[in-house]
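Chemist: I'd like to ask some things about the structure below.
The values are calculated or read from the model by the stated rules, or taken from the named source; none is laboratory data. Keep in mind that what you see is a predicted model, and the values were worked out from it rather than measured. Here the Cβ is made from the backbone with ideal geometry for all residues, glycine too, and neighbour counts use every protein chain on show. Note: accessible area is taken over every heavy atom of the protein model, side chains too, but ligands, DNA and RNA are not part of it. Shrake-Rupley method; radii C 1.70, N 1.55, O 1.52, S 1.80 Å.
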Amino acid sequence: MYGYAGRILVVDLFNREYKVMNFEESLARLYIGGKGVANKILYNYGIWDYDPFSPDNLLVFASGPLGGTRIPMASRAWCAFRSPLTGILGGSNLGGTLAAIMKYAGVDVLVVRGSSREPVYLVVEGGGVEFRSASHLWGLDAIETEEILQRDHGRDTAVLAIGPAGENLVRFASINHDRWRQFGRTGAGAVMGSKRLKAIVFKPVRRDIDVAKPEELGEYLRNLTLKLLPDPTTKALREGGTPRLVEIANRMGFFPSYYWSKVRVDGWERIEWGYMKQHYFVKAGACLYCSVACHRLVESRKFGVRVDIEYETIFALGGLLGITDPDWIIAFNDLADRLGMDTISLGNVIGFAVELSRRGLIDYKIDWGEPEKVRQLIVDIAYRRGLGEVLADGVAMAARRFGAEDIAVHVKGLEPAAYDPRTLRGMALGYSIAARGADHLGTMAYAIDIAGRAGGRLSLERDKVVAVRDYENLGALMDSLLLCKFGRYIYNFQNMAEMLSLVTGYNYTAEQMIEIAERIVTLTRLINVKMGVDRSKDQLPRRLYEPVEFEGKEYKLTKEEVERALDMYYELRGWDERGVPREETLKRLGIT
């Protein structure tokens with residue numbers, strides 16, 4: 001099978017056994033790889049029958065057929081599991097070197113089940129697995145762990161590691177990689193910690209992937225790169241990375257601040273990229289085989305730390321908490337990475353705590369713009385100490401504990417990213433229907449809104465719903481090939497079909513790619529339906545229906561327009577009015 005290593009590796013941690021399964025052609029043709037294949041494995045397994053912290057919950061790590069081929073932006077890998085944060089299907093996407101090196105190590109998919117009796121790490125090489133004691137690593141932070149394992153196993157390895165937050169089952173713990181990359185969202189690190197699996201090391205045994213038509217692919221990629229480099233969006237990412245969005249968000253009024261009560265933070269000029277570039281920027285970086293180089297390494301001389309900073313972290317650990325001091329945001333970023341926590345959920349849960357404190361609902365004093373207290377809370381959450389014990393379970397569970405569900409901001413238990421749906425209406429639908437909760441990347445609706453497409457950013461009419469559906473299809477396909485979402489302006493169903501055909505030797509059409517994307521989206525929904533998701537769960541929190549003021553104008557999202565958008569979306573998907581896939585839709589897509 002060209003483009004594939006051809007192996008699915010299934011590891012049993014309890015018995016310290018593994019088996020190798022063939023990656024069947026039929027699975028590749030129907031679900032491609034990455035998210036599609038990972039979710040199909042969970043579906044066949046019946047993941048809904050197992051508690052997130054049960055030894056029988058699976059962790060599925062998957063690359064795609066484009067990984068390791070040197071195709072620009074084919075640098076992502078996928079992780080799927082039942083989420084301890086949301087209780088439904090969890091999933092996360094990660095850049096760096098993993099997508100290529102896990103295939104160079106001889107596997108397309110690694111499935112981990114069971115729990116080890118004592119801390120363990122895995123070494124994957126040549127399609128096999130070695131089990132090693134991690135007793136000397138348990139308790140170390142994620143970056144220290146990676147540094148030790150790369151020293152012991154080689155700098156050309158790809159390492160996945162958890163920090164203390166994962167060990168302590170913080171429900172939004174991340175799995176770290178390449179120092180600053182993470183499987184961040186929905187708590188994969190906590191699942192890994194529950195299995196007492198500290199790390200996974202992938203050791204390459206080769207440095208390339210066999211493709212069906214190498215010469216034709218090379219010529220195709222040369223032409224594609226000529227289009228990629230001058231594209232305005234990729235140029236903007238090359239010049240400012242994701243932090244460039246801070247200025248755009250504050251000028252347009254969609255930057256969630258002071259725990260979702262405002263859409264611009266006071267003093268935002270100190271955290272926009274122009275200022276940070278002048279005072280904190282060290283250098284740009286890139287994932288493996290990526291010509292965009294959107295990473296931005298910054299340094300706080302005040303605290304003596306360097307991080308690869310992202311827009312979402314500046315929002316979550318900055319604006320959402322009323323903090324606009326870059327030194328502190330950089331310090332929080334470093335601390336969260338080392339302890340191993342998703343910065344989006346972390347910032348949201350601390351913002352929620354500030355809101356509770358201001359309302360006198362908890363016996364804990366913290367207010368906007370108090371960085372020392374934020375730093376202490378970050379540590380307390382990772383080690384489940386004091387208030388951190390409750391906050392470590394995420395906003396939804398903390399809200400139930402404190403009787404404050406009316407002010408809690410989440411969808412299906414997942415805290416949202418940095419796009420306020422009152423001023424970016426496509427995100428209202430995006431957050432509502434996204435499979436893993438209040439997720440921005442499933443539909444990428446923010447990109448439609450910011451660009452003013454499909455009726456503009458304040459529209460939630462049929463054109464916008466169709467655009468969101470189409471972008472969700474595009475995203476599902478990119479997550480299965482796997483391609484970085486920042487390639488959405490370059491990659492489309494036609495050229496993805498052409499590339500995949502050149503890599504695999506199978507003949508794909510754009511129409512077939514759309515059908516595969518629809519199959520993945522609907523299968524994903526079906527898994528969630530079996531875990532209790534329907535229209536009643538596709539609901540925005542009350543707070544996002546409260547009006548917000550920006551530049552003297554009031555912006556208000558209504559429940560009626562969101563419900564109408566849900567009706568249109570379900571119809572387009574072939575789901576019923578409850579949001580459940582119809583039998584004829586499942587039959588049409590070949591989901592059995």
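Chemist: For segment 472-539, which trypsin sites (Lys or Arg not before Pro) are both in a DSSP coil and crowded by at most 16 other Cβ atoms within 10 Å? List each step's numbers first, then the result.
Modeler: On the way: sites: Lys485, Arg488, Arg519, Arg525, Lys530, Arg535, Lys537; in loops: Arg488, Lys530.
Here the trypsin sites (Lys or Arg not before Pro) that fit, given the DSSP loop and packing criteria, are Lys530.
Chemist: Given the pairs Lys35/Lys556; Lys283/Lys485; Lys365/Lys556, which span a C-alpha to C-alpha distance of over 26 angstrom in this model?
Modeler: Details: Lys35/Lys556 35 Å; Lys283/Lys485 22 Å; Lys365/Lys556 31 Å.
Those over the limit are Lys35/Lys556; Lys365/Lys556.
Chemist: Give a residue-ordered list of calculated ³J(HN,Hα) values for segment 9-18 (Karplus: 6.51 cos²θ - 1.76 cosθ + 1.60, θ = phi - 60°; whole Hz; x for Gly, Pro).
Modeler: Karplus values, whole Hz, x for Gly and Pro: 9, 10, 10, 10, 5, 5, 8, 6, 10, 8.
Chemist: Can you tell me the length gained on complete extension of the stretch Asn495 to Lys213, counting 0.36 nm per residue apart and subtracting the Cα distance?
Modeler: Numbers: separation 282, 0.36 × 282 = 101.52 nm, distance 1.53 nm.
Gain in length upon complete extension: 100.0 nm.
Chemist: Here's something else I'd like to know. Rounded to whole Å, give me the distance from the Cα center of segment 522-547 to that of segment 97-133.
Modeler: Between the Cα centre of segment 522-547 and that of segment 97-133, the gap is 34 Å.
Chemist: Quick one: which residues, 5+ away or cross-chain, put their amide H under 5 Å from the amide H of Met531? H built at 1.01 Å from N.
Modeler: none
Chemist: Going by a ≥ b ≥ c, the root eigenvalues of the Cα gyration tensor, does segment 194-276 fall in the rounded group (a/c under 1.5), the prolate group (a/b larger than b/c) or the oblate group? Mind showing how you got there, number by number?
Modeler: Details: a/c = 3.54, a/b = 1.53, b/c = 2.32.
It is oblate, given that a/c is not under 1.5 and a/b is not larger than b/c.
Chemist: Solvent-accessible area of Leu297, probe 1.4 Å, all protein chains present, reported in Å² to the nearest ten, please.
Modeler: For Leu297, the solvent-accessible surface is approximately 20 Å².
Chemist: Suppose R0 equals 22 Å. What FRET efficiency, 1/(1 + (r/R0)^6) with r the Cβ-Cβ distance, do Arg206 and Phe131 give to the nearest 0.05?
Modeler: Working: r = 23 Å, r/R0 = 1.06.
In this case the efficiency is close to 0.40.
Chemist: Would you mind computing Rg(Cα) / (2.2 N^0.38 Å) for segment 456-540, counting N as its residues?
Modeler: On the way: Rg = 14.9 Å, N = 85, 2.2 N^0.38 = 11.9 Å.
Dividing the Cα Rg of segment 456-540 by 2.2 N^0.38 Å gives 1.25.
Chemist: Could I ask something else about it? Taking θ as phi - 60°, what are the ³J(HN,Hα) couplings along segment 396-413 by the Karplus curve (6.51, -1.76, 1.60), each to the nearest whole Hz, with x for Gly and Pro?
Modeler: Values, residue by residue: 4, 5, 4, 4, 5, 4, 9, x, 10, 5, 5, 10, 7, 10, 6, 10, 6, x Hz.
Chemist: Using only the Cα atoms of segment 400-505, build the gyration tensor, take square roots of its eigenvalues as a ≥ b ≥ c, and label the shape rounded, prolate or oblate: rounded if a/c is under 1.5, else prolate if a/b is larger than b/c, else oblate. Write down the numbers at each step before the final one.
Modeler: On the way: a/c = 3.11, a/b = 1.68, b/c = 1.86.
Judged from the Cα gyration tensor, segment 400-505 comes out oblate (a/c at least 1.5, b/c at or above a/b).
Chemist: Rg/Rh for segment 351-449: what does it come to with C-alpha atoms and Rh from Kirkwood?
Modeler: Details: Rg = 14.9 Å, Rh = 14.6 Å.
Reported Rg/Rh, Kirkwood definition of Rh: 1.02.
Chemist: Please give the per residue volume of the convex hull enclosing the alpha carbon atoms of segment 139-262, rounded to a whole number of Å³. Mind dumping the intermediate values first?
Modeler: Values: hull volume 22.6 nm³, N = 124.
Cα-based convex hull of segment 139-262, divided per residue, equals 183 Å³.
Chemist: With just the Cα atoms of the chain, tell me how far they stretch along each of the three principal axes, in Å, largest first.
Modeler: Largest first, the chain extends 59, 55, 48 Å along its Cα principal axes.
Chemist: Right, another one. Distance in nm between label sites at Asp51 and Glu24, each 7 Å beyond Cα in the beta-carbon direction?
Modeler: Using points 7 Å along Cα→Cβ, the separation is 3.3 nm.
Chemist: Let me ask something else. Provide the descending list of Cα extents for segment 13-126 along its principal axes, expressed in whole angstroms.
Modeler: 38, 27, 26
Chemist: Got a sec to turn the phi values of segment 539-552 into Karplus ³J(HN,Hα) couplings, 6.51 cos²θ - 1.76 cosθ + 1.60 with θ = phi - 60°, whole Hz, x for Gly and Pro?
Modeler: 10, 7, x, 3, 4, 7, 9, 7, x, 10, 9, 8, 6, x
Chemist: Using a Förster distance of 51 Å, how high is the FRET efficiency between Asn507 and Ile248, based on the Cβ-Cβ distance and rounded to 0.05?
Modeler: According to the calculation, E is roughly 0.80.
Chemist: Which of Ala396, Ile407, Leu98 sits closest to the plus end of the dipole of the chain, meaning its Cα is farthest towards the positive end, when Lys and Arg get +1 and Asp and Glu get -1 on the C-beta?
Modeler: Leu98
Chemist: Now for a different question. What is the magnitude of the charge dipole of the chain about its Cα centre, with +1 placed on the Cβ of each Lys and Arg, -1 on the Cβ of each Asp and Glu, and no other charges, expressed in debye to the nearest 20? Provide the component values of the computation, followed by the final result.
Modeler: On the way: 78 positive and 77 negative charges, 63 e Å.
Approximately 300 debye in magnitude.
Chemist: Ok, one more. Report the net charge of residues surrounding Asp56, where surrounding means a beta-carbon distance below 13 angstrom and charges are Lys +1, Arg +1, Asp -1, Glu -1.
Modeler: On the way: positive: Arg82, Arg113, Lys195; negative: Asp12, Asp49, Asp51.
Once positives and negatives cancel, what remains is 0.
Chemist: Still on this model: At Arg582 and Tyr545, where each label point lies 7 Å from the Cα along Cα→Cβ, what is the point-to-point distance in nanometres?
Modeler: Once both label points are built, they end up 2.8 nm from each other.
Chemist: Quick query: amide H of Ala105 versus all other amide H atoms, modeled in the peptide plane; which residues come in under 5 Å with a sequence gap of 5 or more or a different chain?
Modeler: The list, which skips near neighbours in sequence, is Val205.
Chemist: Next up: Of all GluC sites (Glu not before Pro) in segment 1-82, which ones are in loop regions per DSSP and have a Cβ with at most 15 other Cβ atoms within 10 Å? Walk me through the numbers on the way to the answer.
Modeler: On the way: sites: Glu17, Glu24, Glu25; in loops: Glu24.
Of the GluC sites (Glu not before Pro), the ones in loops of segment 1-82 whose Cβ has at most 15 other Cβ atoms within 10 Å are Glu24.
Chemist: Now a separate question. Between Asp534 and Arg151, with labels modelled 7 Å along Cα→Cβ, what's the label distance in nm to one decimal, could you check?
Modeler: Roughly 5.6 nm, to one decimal.
Chemist: With a ≥ b ≥ c taken as the square roots of the eigenvalues of the C-alpha gyration tensor of segment 184-325, please select rounded if a/c is under 1.5 and otherwise prolate if a/b is larger than b/c or oblate if it is not? The partial results should precede the final answer.
Modeler: Values: a/c = 2.15, a/b = 1.39, b/c = 1.54.
Judged from the Cα gyration tensor, segment 184-325 comes out oblate (a/c at least 1.5, b/c at or above a/b).
Chemist: While we're here: What's the local net charge at Val191, with K and R +1, D and E -1, over the other residues with C-beta under 15 Å away? Could you put the intermediate results ahead of the total?
Modeler: On the way: positive: Arg82, Arg113, Arg171, Arg185, Lys195, Arg196, Lys198, Arg436; negative: Asp51, Asp56, Glu167, Asp342, Asp393.
It works out to a net charge of +3.
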